[in-house]
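Comments concern the structure below.
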Amino acid sequence: MRAFIAIDLPVSVREALAQKQSELRASLAHLDTAKHDRVSDIRWSRPEGIHLTLKFLGEISDAQVKQVSDGLAALEIIRSFPIEVKGFGFFPGPARPRVFWTGVEAPADLAQLAGRIEDLMERLGFPREQRSFNPHLTLARFKDPRPIPSLRTLVEQQANPSLGKFEASEFFLFESKLSPHGAEYRKVERFPR
């Protein structure tokens, strides 16, 4: 199965993300979108599929699912910590965007959890992520990494709004199934158990 490890979001945050996406889409539709702006090239994430990824595993066997689950269950129990969803940005940057995201502000506990998971997965044979952990929630992806000035302008006009706060006290092993309608996600196991 295609798998990843992530923190799920509460309904209130998902609703705020959906509202913000709707506002941005409506604003983009009303702006003068010249042909070079390519607003139609924006593929918006479905709010129900947005999550805070801690580690992407890729395609794994049933035996690896058990290894991963047993390893995650043995991790030191996480204490809950606050997360605030706030701000916007582009990966790798606004000049060649591939991803449009909203930021995640959290204490060092989040990075420590991601680091412990990364270390464990490396011991289990999964390649180590080469980029440093940069927590975010993906709002949209772009078919072609060229600037979209109207979206960049809208983002710059935002007053760094908070889209919600919540306490993170658990994370999940998820399965991701690709379909013609986009990825569908299923929680395989919850941690701590």
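The values are calculated or read from the model by the stated rules, or taken from the named source; none is laboratory data. Not measured: the values here are computed from a predicted model. Every residue, glycine among them, receives a Cβ derived from its backbone with ideal geometry; neighbour counts consider all protein chains shown. Surface accessibility is based on the protein's heavy atoms, side chains included, excluding ligands, DNA and RNA. Shrake-Rupley method; radii C 1.70, N 1.55, O 1.52, S 1.80 Å.
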Can you work out which of the residues in region 54-79 that are open to solvent by less than 60 Å² (accessible area, probe 1.4 Å) and in a loop (DSSP other than H, G, I, E, B) is modelled with the lowest pLDDT?
I78
Take A26 and decide whether it is open to solvent by 30 Å² or more (accessible area, probe 1.4 Å) and within 26 Å of A111 (Cβ to Cβ).
no
Identify the single condition in (1) over 24 Å from K55 (Cβ atoms); (2) open to solvent by 20 Å² or more (accessible area, probe 1.4 Å); (3) not basic (K, R) that I148 does not satisfy, given that it satisfies every other one.
(2)
R116 in contact (Cβ under 8 Å) with a residue 24 or more places away in the chain, in a helix (DSSP H, G or I), surrounded by fewer than 16 Cβ atoms within 10 Å (Cβ to Cβ) and basic (K, R)
yes
Give me the pairs, please: first residue somewhere in region 177-193 and of a type in the set (K, R), second residue anywhere and surrounded by 11 or more Cβ atoms within 10 Å (Cβ to Cβ) and not in a strand (DSSP E or B), beta-carbon distance under 6 Å, and either six or more positions apart or on two chains.
R190/E170; R193/A73
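I need a count of the residues in region 122-141 that are within 26 Å of P10 (Cα to Cα) and in contact with an Asp or Glu (Cβ under 9 Å, 6 or more places away or on another chain). Before the answer, list the steps.
Going residue by residue through region 122-141, those that are within 26 Å of P10 (Cα to Cα) are 132-141.
Okay, now just the ones that are also in contact with an Asp or Glu (Cβ under 9 Å, 6 or more places away or on another chain), so 133, 135.
So the count comes out to 2.
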Whichever residue in region 39-53 is modelled with pLDDT of 90 or more and of a type outside the set (D, E, K, R) and, among such residues, is farthest from the chain's Cα centre (by Cα):
W44
So, in region 69-115, exactly how many residues are hydrophobic (A, V, I, L, M, F, W, C) and in contact with a His (Cβ under 7 Å, 6 or more places away or on another chain)?
2
Top-ranked residue in region 119-135 [being of a type outside the set (S, T, N, Q) and more than 15 Å from G58 (Cβ to Cβ); ranked as surrounded by the fewest Cβ atoms within 10 Å (Cβ to Cβ)]:
R131
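Within the group T153, T138, T102, which residue is surrounded by fewer than 15 Cβ atoms within 10 Å (Cβ to Cβ), closer than 23 Å to D41 by Cβ and of a type in the set (S, T, Y)?
T153
Residues checked against (1) within 30 Å of L151 (Cβ to Cβ); (2) more than 20 Å from the chain's Cα centre (by Cα); (3) touching a residue at least 24 places away in the same chain (Cβ under 8 Å):
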position	(1), (2), (3)
K66	no, yes, no
A73	no, yes, yes
S80	no, no, yes
E84	yes, no, yes
G87	yes, no, yes
G93	yes, no, no
R98	yes, no, yes
E105	yes, no, no
A108	no, no, no
Residue selected from region 156-182 under the condition open to solvent by 30 Å² or more (accessible area, probe 1.4 Å) and among the charged types (D, E, K, R), by the criterion nearest to A73 (Cα to Cα):
E170
Failed condition for L31, given (1) over 22 Å from P145 (Cα atoms); (2) open to solvent by less than 80 Å² (accessible area, probe 1.4 Å); (3) modelled with pLDDT under 95, with all others met?
(1)
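Here is a check on your reading of the model: is D109 open to solvent by 40 Å² or more (accessible area, probe 1.4 Å) and assigned to a helix (DSSP H, G or I)? Walk me through it before giving the result.
Details: open to solvent by 40 Å² or more (accessible area, probe 1.4 Å): no; assigned to a helix (DSSP H, G or I): yes.
Here the answer is no, as D109 does not meet what is asked.
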